[in-house]
1. Select from the stretch 63-87 the residues that are within 16 Å of GLU101 (Cβ to Cβ) and hydrophobic (A, V, I, L, M, F, W, C) and list them in ascending order.
2. Looking at ARG92, ARG88, which is the one that is without any contact (Cβ under 8 Å) to a residue 12 or more places away in the chain, surrounded by fewer than 16 Cβ atoms within 10 Å (Cβ to Cβ), of a type in the set (D, E, K, R) and out of contact with any Lys or Arg (no Cβ under 7 Å at 6 or more places or on another chain)?
3. How many residues are under 12 Å from ALA39 (Cβ atoms) and modelled with pLDDT under 70 if we restrict to the stretch 1-26?
4. Among the residues that make up the stretch 39-49, is at least one of them hydrophobic (A, V, I, L, M, F, W, C), surrounded by 15 or more Cβ atoms within 10 Å (Cβ to Cβ), over 30 Å from PRO14 (Cα atoms) and at pLDDT below 95?
Amino acid sequence: MAHVFASPQRRLSPSLRAQFGLTATRLDGAGHLYLLHLAPLPPLTLTPLALLTPPQSEVVEFAAAGATVAEVATALDRSPATVRTHLRAAYRVLGVANRVELAELLAAPPEDLIDTLERGPWCG
């Protein structure tokens, strides 16, 4: 639980308090100084698709499931050249060389992804 000292100019709305799990303890009699208690936020779940653009994510999901370039192009109403471009860009971002590695990466448990993604092309 985080603690923050604050001197609020306005009252915090009940919805804001509920959204952030915020409670306040008044530290002085005049109500000018408060100790705010913030509930911890849930951990973020990192997925490889979060690193991609929406069109790349769409193409990657089909490709990882075994669809051919032609099948992906038809399903997404895009040209095969566009599908190949998105697929190559996704491979580069995710640090994989082919569909097998792509499927393995997407199937990996979240704790394994951190090590895999830390070895990506952006890590010198």
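1. ALA63, ALA64, ALA65, LEU87, listed by residue number.
2. None of the others qualify; the one that does is ARG88.
3. Residues that pass the stated criteria total 3.
4. Yes - at least one qualifying residue is present in the stretch 39-49.
The values are calculated or read from the model by the stated rules, or taken from the named source; none is laboratory data. Predicted, not measured: the structure shown is a model, and the values here were computed from it. Using ideal geometry, Cβ is built from the backbone for each residue, glycine included, and neighbour counts are taken over all protein chains shown.
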